[in-house]
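Data first, discussion second: the structure below is written as structure tokens.
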Amino acid sequence: MKTQEMLLNVGPQHPSTHGVFRVVLTLDGETVVNATSVPGYLHRGIEKLVESRTYPQVLPYTDRLDYLAGILMNWGYVHAMEQLMEIEVPERAEYIRVIVGELQRIASHLVATGAYAGDVGGLTGFIYCFRDREDIMDMIEMVSGARLTPSYMRIGGVAGDLPDGFLEKCQKFIDYLPTAIEEYNGLITGNEIFQHRTKKVAPITAEKAINMSLSGPILRASGVNYDLRKARPYSIYDRFEFDVPLGSNGDCFDRFYLRILEMTQSARIIRQALAKLPEGPINAKVPKIIKPPAGEVYAETESSKGIMGVYVVSDGSTKPYRVHFRRPSFVNMGHFDELIRGWKIADVIAILGSFDIVLGEVDC
Amino acid sequence: MENIFVNAAGGIRNLLESAGLPGLAVDLIVLTVIFVAILVFVLLNVLWLVYMERKVSAFIQCRIGPNRVGPMGLFQTIADTVKLISKEIIIPKNTNKKLFLLAPVMIFMPPMAVFAVTPFGKGMVALDLNIGVYYFVALASLSTVIIWTAGWTSNNKYSLLGSMRVVAQMVSYEVPLLLSIVGVVLLTGTLNLTGIITSQQSVWFIFLQPLAFLIYLIAAVAETNRTPFDLVEGESEIITGPFTEYSGMGFAFFFLAEYANVLLVSMLASILFLGGWLAPFGLTFIPSWIWLLLKVYLMIFILMWLRWTYPRIRIDQMMAFCWKVLVPLAIVNIFVTGIGKYLYESVRW
Amino acid sequence: MFGKGLLKGLKITIGRFFGKKSTVQYPEKRLPLPDRFYGKPDFHYDKCIACNLCVNACPNKVITLGTDTVEKKKVVTGYHFDQQYCLFCGLCEEACPKDAITFTDDFELTTYDRNTIGIEFVKQEQVDNKIKEIKQAAAEKAAAEKAAAETKVQTENTDKEQTTNKEGGA
Amino acid sequence: MTVQTISEVKTEIIAKYPQIELSEAGHFFVPVSQLADIMLDLKVSFGFDFLTNLTAVDHVEHFNVVYNLSKTTGPEMLHIITKVDRNEPKVPSMVPIWGGAVWQERETYDLVGIIFTGHPNLKRILLDDNWEDHPLRRDFQWEGGRD
């Protein structure tokens, strides 16, 4: 029998590439023989754009990197700037940052969880996750005035103090979260079909994960205990008690389930931060016109997708000489082509979903 | 109430006969009327099912669902159909135009043809075929070819993948479907659908053949290409599979035919396992056709409930599940049924 | 046991089937918006002092401020807000010392025409009124000054006269 | 393994490789010619197993290629800079040492135009394949659009 390999273009317009991502698959029947990822359809040249903006003006652009975790992206940038300018952030601002940052992390993981359920065909799980994410979006809207692109952080602090009613709402959500997680576990995680679809699919060994510079839940699913919040605590993460959930097989199921476990830990952090929230100023004394000393800095924070690094080169003027964002999704995707070889089309979608990419971040 | 439709058909027949028409012409006209009635019944149900699916999925997902067009959004499907009719039918380049356009027209044929032999109530059957079950199985497998035609002529790689999946899936799941029905046929000794219903007078076959019912249910879900076996459409993987290139009414036909199939398999499930139009607990004051509809809608609801709960299975797992689990189980079921029947007949409790 | 998870899923979904729905019937019912919401921008002409801070703060050059100097006073002659490029980051609002640019909670910003999406906040009559006001104020001030100067001159003159008289007297 | 502070690690590295310059801010300046060897040794002997960041900056008269290494077992981080001649921007690829460099090097090539010798697939990644210039160079000009 004569057989022929088939070239299939998945994307840039495809229901489950999570945006405008394209993979060119060479298929033998349903099995992937070769794969080439083609990102760049959402490339806006943010790194170039910000060269002509002043330092505070860079901030709204960071929102648009990982638009599912805007606050964490803000944080990465302001963290780097604070290191460059050696600014001491006031206590209260740090606590507020931790609270909204962890809320945003839960929101981002909820999208990942829900979208993953949708990717393997269970749309109901998707809607449930988005229903609960809505509460977080409301809270973020409350503090920052926008749902997706908050631009909430400022160099040396945050844009505004927590509004009235926020703490109660946050507390209520944290109390509610375990019930929601139980529901996801019942509907998605515990489902045998789901487990068949994801367990033992595309495992990544710990060595490979480190070698490929994977970060975030993908790295930890392979059993590598590397969470910047623990390994190199920035901000005030050394004051909170929380665990770093680890996977054992590094397969799709572990990558998925790790995010659910991380939500619980984030909730734990928020609970402690709410209890300890001090009074005080929310902004450090920062000059009106920000002119950092000439030099360069590279600082990392742990975003929901992995390590968010920001590299800023200053020439002493009001505009950055060069800003580079190390986007976790982008670096993680470097391993994708190699990983999907030999799996079925349905697995390709499952693997892509377990990577939880955001195209705004991949393409920058 | 009970005999409203039977009486209506009889009335027409009497009217025509009294008008002095020859017997053959009377038969022809009455049959045409019955078939048109069935057609209308099926189409109305299909429109309702689209609405119902949207409502059920919405309710399961904490939403409200369509509620703007008409009272409770009842006319939503009609509005959608009107929209689809008014849309342009796009035909891809370099395709076999005739086949491409023929497929959506043909897709309604198999389920419609099967409805000709299904009893809708006591005495309410258009053609009381002796080999009804056989006829159903034979015709139901026809839709494979039609969907495959659609996928092949679309000249699209996603459609091709989808249509290959159709062939693999539907051909495979025919086997357990058929084998699960064999259990029932063994018990009754007839292939006539009305005969099968009347032999459930004392006990429904779901209690005698629970395994067969389960296998039938799973195979039926697979036959209708619904989650967890919706690999053919597999929205997140291969867009909508064979229907990717269809627009406007072409797409609508496939979409509606899916619901006609759902209606069909649910009806067959009620007939084969749930006692058809027989009333449970002696509640005979409710007409038989209402009982059948109730059972059919219960089955449909279960199918929808499954669809909005489960994720999709993968192609190799699906095939393995069919050949390694369902088929052996069905064969075991046949053996057990056969032995059981033999014992029952020889012991004569 | 295999199938337990499947049954649990069915239990959850049937529970939700009969449970409370979370949809809000949007155009009729609306969720409350927080105070900080960044909706459609709003400009208060009278508060603006034409300091240009918002223009400089904007990352995307959305705002163009037209100014004119009338009687040594800055008058805002135009405030064009090119909404299609707005990032709704709120940096302009933060930069403004007089709260002249604020954001309302109107989020329905779609228009049928691309040309209508930019907002020109300042109306000509506002400018005219302002200029008139300033001119009037200036005129009044000038008149007052003139009057003051005249009285001053008069007093000076009388002073002079007195002194000359005195001198003359001496 | 004894616990070392980051400055101790740095002095140890400097002691082993005197050709490395240590700047005031604690950044390493490594000559291009020895980059590959030193990087490999940093991974093998010093345990910097995680390449987090890789990028380049155009300093008009030369390029700086920047590497950030860290450890998955500890908090240490290294900031390594290599100066590259602007007319011949060639740097050995890190892909054989850290597979994670594969996309980051493509991105750096795409946007700054550094050529990584030995990279398995050095193609443009974000921009169009027919794009001509490297936009993050300081002399990049573009026409049209809103800036």
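Taking region C:8-84 and the strands (runs of 3 or more DSSP E) fully enclosed by it, the elements with 3 or more residues that are more than 13 Å from every other protein chain (Cβ to nearest Cβ) and over 12 Å from the mean Cα position of the chain (by Cα) are at C:63-70, C:73-81.
Number of residues in region B:298-331 that are touching a residue at least 12 places away in the same chain (Cβ under 8 Å), in a helix (DSSP H, G or I) and of a type in the set (Val, Ile, Thr): the value is 5. Every condition in (1) on the phi > 0 side of the Ramachandran plot; (2) within 14 Å of chain D (Cβ to nearest Cβ); (3) surrounded by fewer than 23 Cβ atoms within 10 Å (Cβ to Cβ) is met by A:Gly216 except one, and the failing one is (3). Being farther than 30 Å from B:Tyr342 by Cβ and more than 16 Å from the chain's Cα centre (by Cα) narrows it down to one residue among B:Gly195, B:Gly189, B:Gly151, B:Gly183; which is it? Of B:Gly195, B:Gly189, B:Gly151, B:Gly183, the one residue that is farther than 30 Å from B:Tyr342 by Cβ and more than 16 Å from the chain's Cα centre (by Cα) is B:Gly151. Pairing each residue of region A:337-364 that is on the phi > 0 side of the Ramachandran plot and assigned to a loop (DSSP other than H, G, I, E, B) with any residue that is at pLDDT below 90 and surrounded by fewer than 24 Cβ atoms within 10 Å (Cβ to Cβ), provided the two are 6+ apart or on different chains, yields C-beta distances under 6 Å for A:Cys364/A:Ile46. A single member of D:Gly74, D:Gly26 is within 25 Å of A:Glu302 (Cβ to Cβ) and either away from chain A (no Cβ under 14 Å) or surrounded by 15 or more Cβ atoms within 10 Å (Cβ to Cβ) (or both), and it is D:Gly74. For beta carbons closer than 7 Å, sequence separation of 6+ or different chains, a first residue in region A:214-235 that is of a type in the set (Asp, Glu) and a second that is in a loop (DSSP other than H, G, I, E, B), the qualifying pairs are A:Asp227/A:Val244.
As an exercise: evaluate B:Lys295 against (1) more than 22 Å from B:Phe136 (Cα to Cα); (2) of a type in the set (D, E, K, R); (3) not in a loop (DSSP other than H, G, I, E, B) and give the number of the one condition it does not meet. Among (1) more than 22 Å from B:Phe136 (Cα to Cα); (2) of a type in the set (D, E, K, R); (3) not in a loop (DSSP other than H, G, I, E, B), the lone unmet condition for B:Lys295 is (1). C:Tyr112: surrounded by 13 or more Cβ atoms within 10 Å (Cβ to Cβ), of a type in the set (Phe, Trp, Tyr) and free of Cβ contacts under 8 Å to residues at least 60 places away in the same chain, yes or no? Against the criterion (surrounded by 13 or more Cβ atoms within 10 Å (Cβ to Cβ), of a type in the set (Phe, Trp, Tyr) and free of Cβ contacts under 8 Å to residues at least 60 places away in the same chain), C:Tyr112 does not qualify. Residue pairs whose Cβ atoms lie under 6 Å apart, separated by 6 or more positions or on different chains, with the first residue in region C:5-26 and more than 22 Å from B:Asn67 (Cβ to Cβ) and the second polar (S, T, N, Q), are C:Gly5/A:Asn191; C:Gly9/A:Asn191; C:Gly9/B:Thr309; C:Leu10/B:Thr309. Pairing residues of region C:29-46 that are at negative phi with residues that are charged (D, E, K, R) and in a loop (DSSP other than H, G, I, E, B), at Cβ distances under 7 Å and at least 6 apart in sequence or on separate chains, gives C:Leu33/C:Asp105; C:Phe37/C:Asp105; C:Gly39/C:Asp105; C:Gly39/C:Asp106; C:Lys40/C:Asp106. Just one of the numbered conditions (1) under 16 Å from A:Ala107 (Cβ atoms); (2) of a type in the set (A, V, I, L, M); (3) within 12 Å of chain D (Cβ to nearest Cβ) is not true of A:Ile260: (3). The set of residues in region B:174-208 being in contact with a Ser or Thr (Cβ under 7 Å, 6 or more places away or on another chain) and in a loop (DSSP other than H, G, I, E, B) consists of B:Ser199 alone.
Kindly provide the set of residues from region A:112-155 that are of a type in the set (Phe, Trp, Tyr) and either at the interface with another protein chain (Cβ under 7 Å from one of its Cβ atoms) or free of Cβ contacts under 8 Å to residues at least 60 places away in the same chain (or both), ordered by number.
Within region A:112-155, A:Phe126, A:Tyr128, A:Phe130 meet the criteria.
Among the residues of region A:174-213, those identified as crowded, with 22+ Cβ neighbours inside 10 Å, within 12 Å of chain D (Cβ to nearest Cβ) and in a helix (DSSP H, G or I) are A:Ala209, A:Ile210. The number of residues in region A:71-88 being surrounded by 24 or more Cβ atoms within 10 Å (Cβ to Cβ) and out of contact with any strand residue (DSSP E or B) (no Cβ under 6 Å at 6 or more places or on another chain) comes to 4.
With the condition kept exactly as written, say whether any residue in region A:210-218 is out of contact with any Leu (no Cβ under 8 Å at 6 or more places or on another chain) and over 30 Å from D:Leu54 (Cβ atoms).
Quick first cut of region A:210-218, residues out of contact with any Leu (no Cβ under 8 Å at 6 or more places or on another chain) only: A:211-212, A:214-216, A:218.
After this cut, where a residue has to be over 30 Å from D:Leu54 (Cβ atoms) as well, the list is none.
Checked region A:210-218: no residue is out of contact with any Leu (no Cβ under 8 Å at 6 or more places or on another chain) and over 30 Å from D:Leu54 (Cβ atoms).
So, A:Met142, is that one hydrophobic (A, V, I, L, M, F, W, C) and under 20 Å from the mean Cα position of the chain (by Cα) or not?
On the way: hydrophobic (A, V, I, L, M, F, W, C): yes; under 20 Å from the mean Cα position of the chain (by Cα): no.
Here the answer is no, as A:Met142 does not meet what is asked.
Being at the interface with chain A (Cβ under 9 Å from one of its Cβ atoms) and free of Cβ contacts under 8 Å to residues at least 24 places away in the same chain narrows it down to one residue among D:Asp110, D:Asp37, D:Asp128; which is it? Within the list D:Asp110, D:Asp37, D:Asp128, the selection yields D:Asp128. Selection over region A:291-307 of residues that are part of a strand (DSSP E or B) and at the interface with chain D (Cβ under 10 Å from one of its Cβ atoms) gives a count of 7.
Would you check which residues across region B:153-170 are more than 14 Å from chain A (Cβ to nearest Cβ) and either charged (D, E, K, R) or more than 18 Å from B:Leu264 (Cα to Cα) (or both) and list them? Explain how you work it out, then say what you get.
First pass over region B:153-170, keeping only residues more than 14 Å from chain A (Cβ to nearest Cβ): B:153-154, B:170.
If the condition is that a residue be more than 14 Å from chain A (Cβ to nearest Cβ) and either charged (D, E, K, R) or more than 18 Å from B:Leu264 (Cα to Cα) (or both), then B:Thr153, B:Ser154 are the ones that fit.
Across region B:149-173, the number of residues qualifying as surrounded by 22 or more Cβ atoms within 10 Å (Cβ to Cβ) and either in contact with a helix residue (DSSP H, G or I) (Cβ under 6 Å, 6 or more places away or on another chain) or part of a helix (DSSP H, G or I) (or both) comes to 13. Here A:Val23 does not qualify as crowded, with 18+ Cβ neighbours inside 10 Å and within 12 Å of another protein chain (Cβ to nearest Cβ).
Taking B:Ala320, is it at pLDDT below 85, at negative phi, surrounded by fewer than 23 Cβ atoms within 10 Å (Cβ to Cβ) and not β-branched (Val, Ile, Thr)? Taking the combined requirement at face value, the residue does not satisfy it. Of the residues making up region A:29-82, those that are within 11 Å of another protein chain (Cβ to nearest Cβ) and of a type in the set (S, T, N, Q) are A:Thr31, A:Thr36, A:Ser37, A:Ser52, A:Thr54, A:Gln57, A:Thr62, A:Asn74.
If I ask for residues that are part of a loop (DSSP other than H, G, I, E, B) and out of contact with any helix residue (DSSP H, G or I) (no Cβ under 8 Å at 6 or more places or on another chain), which ones from region B:234-281 would you list? Selection gives B:Ser247 alone.
Contact annotation: residue pairs with Cβ atoms under 8 Å, 6 or more positions apart or on different chains, pairing a residue in region B:236-257 that is within 11 Å of chain A (Cβ to nearest Cβ) with a partner that is part of a helix (DSSP H, G or I) and among the charged types (D, E, K, R), are B:Ser236/A:Asp119; B:Ile238/B:Arg165. In region A:99-125, of all residues being of a type outside the set (D, E, K, R), over 15 Å from the mean Cα position of the chain (by Cα) and assigned to a helix (DSSP H, G or I), the one that is surrounded by the most Cβ atoms within 10 Å (Cβ to Cβ) corresponds to A:Gly125.
The values are calculated or read from the model by the stated rules, or taken from the named source; none is laboratory data. Please read these numbers as outputs of a predicted model, since none were measured by experiment. Note that we place each Cβ from the backbone using ideal geometry, even for glycine, and neighbour counts take in every protein chain shown.
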